[in-house]
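Visitor: Pasting a structure here, questions to come.
The values are calculated or read from the model by the stated rules, or taken from the named source; none is laboratory data. Computed from a predicted structure; not experimentally measured. Quick reminder, even Gly has a Cβ in these numbers, built from the backbone with ideal geometry, and neighbours come from all protein chains shown.
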Amino acid sequence: MVLAAWTRVADWGRGASPVLVLLLLLVSSGSSEDYVLDSRGGLGREFDGIGGLSGGGATSRLLVNYPEPYRTQILDYLFKPNFGASLHILKVEIGGDAQTTDGTEPSHMHYEDDENFFRGYEWWLMKEAKKRNPNITLIGLPWAFPGWIGRGENWPYDFPDITAYYVVSWIIGAKQYHDLDIDYVGIWNERPFNSKYIKLLRYTLDKAGLRRVKIVASDNLWQPVSFYMLRDSELHRVIDVIGAHYPGTHTVVDALKTGKKLWSSEDYSTFNDEVGGGCWARILNQNYVNGNMTSTISWNLVASYYEELPFGRDGLMTAKEPWSGHYVVESPIWITAHTTQFTQPGWHYLQTVGHLEKGGSYVALTDGQGNLTIIIETMSHNHSICIRPPLPGFTVSPQNATFYVKGSFSELSSLQVWYSKLDFERSNLTLFRQRAPLKLSKGAFSLELDVDEVYTVTTITTGQKGFYPEPPKSQPFPSHYQDDFDVRNPPFSEAPNFADQAGVYEYFTNSSDPGEHVFTLRQVLTQRPITWVIDAGQTISVIGNYSWTDMTVKCDVYIETPENGGVFVAGRVDRGGSPTPSAKGLFFWVFADGSYSVTADLERHIVLKKGLSGVRAREWHTLTLHIHGLVASGMLNGYPLWKDVFTFGSHNGWAAIGTRSFEPAQFDNFSVDAS
């Protein structure tokens, strides 16, 4: 290469100064930049692992309903060592009964005198993760709290002893009922922290014999928690990890001064196409290079919720069709594998990590026993934009890089190589492919690095790109669907495919009704939770295909509250998640006072029709809502109650059931026929 470059320079450079010719030679020769990886000066920070977050909004809601073998396959891609993402950490929401992004997750204590450690699917998910990787780290974090904790106020810190007891009871229940050891617990997701509460939480943990459980704070920003830790020795003592969300790969001076572990305890939150893969590759490296963060946790683990809810397809992979069995192993799974399959928590970063001369970054880690793993990324700006925070401009260009391994690694003669190329034309897309081993010459190896690539160069020989046959093809939600709630899935309290957006709907055994309605679905909350976002004043659970336009929704309903009670069935519901209060659609309501109404919105501001129905509380009734084109009609107990109501505001959306307020009510024999 050098001789060829010299010939090209000589052909037209005669008469130029020797210095200019030398510069031209160096540019033309594609000279390599040198990077030294050396353990002799000591090691960097201890690596704590890469993880995924289930919850923060019911993000794994549909996963539990997948049929086998597809559910096992999805879990293997996420957690099985040396197979797929091979995650080191699983972080879960401690359900608090409130909307937390894409739905509600049930609490283990709806009321003060109520404990049930079999609600929801997070217990099941943690056990499945542990089954595959017994060493996986488990973390719990509340987003919301049941209303009784606040004694009528939307604030958990007024009674810190009650809040601490509530959180610690979840940790105890995890062990007692599921043999799960929770390793870390957080405070309150992305909300103000309270020093008194954190100290009391540590005291309550210790008193319960849970000294091994460590505290992460504050799952928000680096400040002000690190500022106060430097000025409050007791607060500094009880916080084990400073966790920041979406730090943009950077930390702050006060956080570094604390000497504590620094984590990006929630990150990524980006559509899982190739740009999402590029975002994930960049921050996995640069969170440490720029910010000394030793763990990065993805929100979310798996996009297993209706895609039209907020942040659709923001998981490491996509599994949103339990009715078909279809799922997609997206690029972030294999980007994760570049780190997780060749490192483990307890390894240490080398001090010699950094940025590449022409853009990108490299990190190196060792287990202290002779193993070395190097991860190199060259993600370009426009192909690695995360949803937050804004990404400053930078340029990446092709480059040659030579790495010199010194110290305890100087005798290495070859290294394994795994390679990915995020090609946005998709013609050269390569994900986690093993290449021929690199031969080292005098402790050095060279790579020609293109843009948007990831390399793992390692002594570890156990890497594997796991594989299952293609899952079934994607199919829309069935246009004819029914559930009588008689068939129970014991590990879960939720009915398949219903996605609670406000309130909590659980399987219920009605022992007082020996007839048709023994097994029902019941809305169980009687008090508004301590919210994370603005919950709707009504409860609602959606189901189906968001593109549905015409539909017939039918359901048996039972109002339990004689005074002010009410329920509805609905179609064309166009909002879920945190925007749920502003949902539009067609809502057919009946109330305990014997009236009915038809509204175009959940909050009942737009009344299209109203009148008397004769419905009473504590009696079963059948509601039928029929929507076709521009008109809708409704039936009560098989007889027409209203008709020819003009529809407007929402042209398509889910079917739904719900209640007038936070009140108990039952539903049975749900069906929908749609197009």
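Visitor: Could we say that Gly370 is in contact with a helix residue (DSSP H, G or I) (Cβ under 9 Å, 6 or more places away or on another chain), exposed (fewer than 13 other Cβ atoms within 10 Å of the Cβ) and on the phi > 0 side of the Ramachandran plot here?
Guide: Working: in contact with a helix residue (DSSP H, G or I) (Cβ under 9 Å, 6 or more places away or on another chain): yes; exposed (fewer than 13 other Cβ atoms within 10 Å of the Cβ): yes; on the phi > 0 side of the Ramachandran plot: yes.
Yes, satisfied.
Visitor: Quick check, is Gly41 more than 21 Å from Gly312 (Cβ to Cβ) and either basic (Lys, Arg) or modelled with pLDDT under 95 (or both)?
Guide: Judged against the criteria, Gly41 is a match.
Visitor: Between Leu602, Leu612, which is surrounded by fewer than 17 Cβ atoms within 10 Å (Cβ to Cβ) and in the same structural domain as Thr549 (by TED's automatic domain parsing)?
Guide: Leu612 is the lone residue from the list that is surrounded by fewer than 17 Cβ atoms within 10 Å (Cβ to Cβ) and in the same structural domain as Thr549 (by TED's automatic domain parsing).
Visitor: Given the structure, is Ser661 at negative phi and at pLDDT below 95?
Guide: No.
Visitor: Of all residues being more than 22 Å from the chain's Cα centre (by Cα) and within 26 Å of Tyr327 (Cα to Cα) in segment 486-504, which is surrounded by the fewest Cβ atoms within 10 Å (Cβ to Cβ)? Just the residue, please.
Guide: Only one residue fits best here, namely Pro490.
Visitor: Would you list the helices (runs of 4 or more DSSP H) that sit entirely within segment 200-304 and hold 2 or more residues that are among the β-branched types (Val, Ile, Thr)?
Guide: Working: elements: 225-229, 233-238, 253-257, 274-291.
Result: 274-291.
Visitor: Only strands (runs of 3 or more DSSP E) wholly contained in segment 307-379 count here; list those with 1 or more residues that are aromatic (Phe, Trp, Tyr) and more than 29 Å from Ser547 (Cα to Cα).
Guide: Of the strands (runs of 3 or more DSSP E) lying wholly inside segment 307-379, those with at least 1 residues that are aromatic (Phe, Trp, Tyr) and more than 29 Å from Ser547 (Cα to Cα) span 348-350, 361-366.
Visitor: Exactly one condition in (1) in contact (Cβ under 8 Å) with a residue 60 or more places away in the chain; (2) touching a strand residue (DSSP E or B) at 6+ places or on another chain (Cβ under 7 Å); (3) surrounded by fewer than 23 Cβ atoms within 10 Å (Cβ to Cβ); (4) part of a loop (DSSP other than H, G, I, E, B) is not met by Asp535; state its number.
Guide: Exception for Asp535: condition (3).
Visitor: Could you list, in sequence order, the residues of segment 511-525 that are polar (S, T, N, Q) and farther than 11 Å from Asp668 by Cα?
Guide: Residues satisfying the conditions are Ser511, Ser512, Gln523.
Yes or no, residue by residue, for (1) closer than 18 Å to Phe670 by Cβ; (2) modelled with pLDDT of 95 or more; (3) out of contact with any strand residue (DSSP E or B) (no Cβ under 7 Å at 6 or more places or on another chain):
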residue	(1), (2), (3)
Lys554	yes, yes, no
Ile559	yes, yes, no
Arg572	yes, yes, no
Pro581	no, yes, yes
Gly594	no, yes, no
His626	yes, yes, no
Leu636	yes, yes, no
Ser650	no, no, no
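Visitor: Quick check: is even one residue across segment 416-424 out of contact with any strand residue (DSSP E or B) (no Cβ under 6 Å at 6 or more places or on another chain), closer than 26 Å to Arg40 by Cβ and outside the structural domain of Asn272 (by TED's automatic domain parsing)? Walk me through it before giving the result.
Guide: So the first thing to find is which residues in segment 416-424 are out of contact with any strand residue (DSSP E or B) (no Cβ under 6 Å at 6 or more places or on another chain), and the list is 422-424.
Okay, now just the ones that are also closer than 26 Å to Arg40 by Cβ, so none.
No, segment 416-424 contains no residue that is out of contact with any strand residue (DSSP E or B) (no Cβ under 6 Å at 6 or more places or on another chain), closer than 26 Å to Arg40 by Cβ and outside the structural domain of Asn272 (by TED's automatic domain parsing).
Visitor: Could you list all residues from segment 595-617 that are polar (S, T, N, Q) and part of a strand (DSSP E or B)?
Guide: Those that are polar (S, T, N, Q) and part of a strand (DSSP E or B): Ser595, Ser597, Thr599.
Visitor: With the structure loaded, tell me whether Ala319 is touching a Phe, Trp or Tyr at 6+ places or on another chain (Cβ under 7 Å), more than 30 Å from Phe409 (Cα to Cα) and either aliphatic (A, V, I, L, M) or free of Cβ contacts under 8 Å to residues at least 24 places away in the same chain (or both) or whether it fails that test.
Guide: Yes, satisfied.
Visitor: Every residue in segment 257-302 that is more than 30 Å from Pro322 (Cβ to Cβ), surrounded by fewer than 24 Cβ atoms within 10 Å (Cβ to Cβ) and either among the small types (Gly, Ala, Ser) or free of Cβ contacts under 8 Å to residues at least 12 places away in the same chain (or both), please.
Guide: Matches in segment 257-302: Gly259, Gly291.
Visitor: In the set Gly368, Gly407, Gly346, Gly360, which member is under 21 Å from Asn292 (Cα atoms), over 29 Å from the mean Cα position of the chain (by Cα) and among the small types (Gly, Ala, Ser)?
Guide: Step by step, each of Gly368, Gly407, Gly346, Gly360 is checked, and only Gly368 is under 21 Å from Asn292 (Cα atoms), over 29 Å from the mean Cα position of the chain (by Cα) and among the small types (Gly, Ala, Ser).
Visitor: Identify the residue in segment 650-669 that is of a type in the set (S, T, N, Q) and in a strand (DSSP E or B) and, among all such residues, is nearest to Glu506 (Cα to Cα).
Guide: Of segment 650-669, the ones of a type in the set (S, T, N, Q) are 650, 652, 659, 661, 666, 669.
Restricting the remaining residues to those that are in a strand (DSSP E or B) gives 659, 666, 669.
On the way: Thr659: 14, Gln666: 9, Asn669: 15 Å.
If we take residues in segment 650-669 being of a type in the set (S, T, N, Q) and in a strand (DSSP E or B), then Gln666 is nearest to Glu506 (Cα to Cα).
Visitor: What is the residue count in segment 50-82 for residues that are β-branched (Val, Ile, Thr) and more than 30 Å from Trp347 (Cα to Cα)?
Guide: Count: 2.
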